[in-house]
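Participant: Structure incoming, see below.
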Amino acid sequence: TFLITDVTYKEQFGKLEIQMETASGVKHTERFSLLTSKGDVNDGAYAAFSMLAKAAMNDYDLEEIDHKDLIGRYFQAEVVYDEVESNKTPGKMLKFARLNDKQPADGFPEGTVRKASSVAPSKPKAAAKPKVDLGALLG
């Protein structure tokens, strides 16, 4: 189970980062490049972000979201580790975590004691923010 602690969206570059952590304090960042290098919509990244957002918001009919609304939300996922050889340093292996099978969660599992963290969950801000229209982007 993950708690989303912060979200950063650089609209000009189409870069979205979601910071999260587990109850034991393990931190993870999901990065989405929502635009290609040519400035076109990256459908695969939008689909991946959409699944994470819908699970975290527990709303699979969601078509539009203010990315900051994800802060303080929980979701569950299967963590799969991939190990690949570095393209910069031959022979050096790099490990990447991939989140699969995302599901809604109401919080950390019962009986779990959350480890103190240097990152406190932020509260969504009341000011209007640009929303991402998932329906229009994904067709």
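Participant: Give the dimensionless ratio obtained when the Cα radius of gyration of the stretch 10-86 is divided by 2.2 N^0.38 Å.
Facilitator: 1.20
Participant: Continuing with this model, one more query. What number comes out for accessible area per residue over the stretch 28-100 if the probe is 1.4 Å? Units Å², please.
Facilitator: Each residue of the stretch 28-100 exposes 61 Å² on average to a 1.4 Å probe.
Participant: So, counting K/R as plus one and D/E as minus one, what does the shell of residues with Cβ under 14 Å around GLU85 add up to?
Facilitator: Charge balance in the 14 Å sphere: +1.
Participant: If I stretch the segment between ASP61 and GLN103 completely, what's the gain in nm (0.36 nm per residue apart, minus their alpha carbon distance), one decimal?
Facilitator: Full extension from ASP61 to GLN103 adds 13.7 nm.
Participant: Additional query: Where the accessible area of the stretch 24-68 is counted over protein heavy atoms with a 1.4 Å probe, how much of it, in %, is carbon and sulfur?
Facilitator: 46
The values are calculated or read from the model by the stated rules, or taken from the named source; none is laboratory data. Owing to the predicted nature of the structure, the values given are computational and were not obtained by experimental measurement. When we count neighbours, we look across all protein chains shown, and the Cβ atoms used for this are built from the backbone with ideal geometry, even at glycine. With ligands, DNA and RNA removed, areas are computed over all heavy atoms of the protein, side chains included. Shrake-Rupley method; radii C 1.70, N 1.55, O 1.52, S 1.80 Å.
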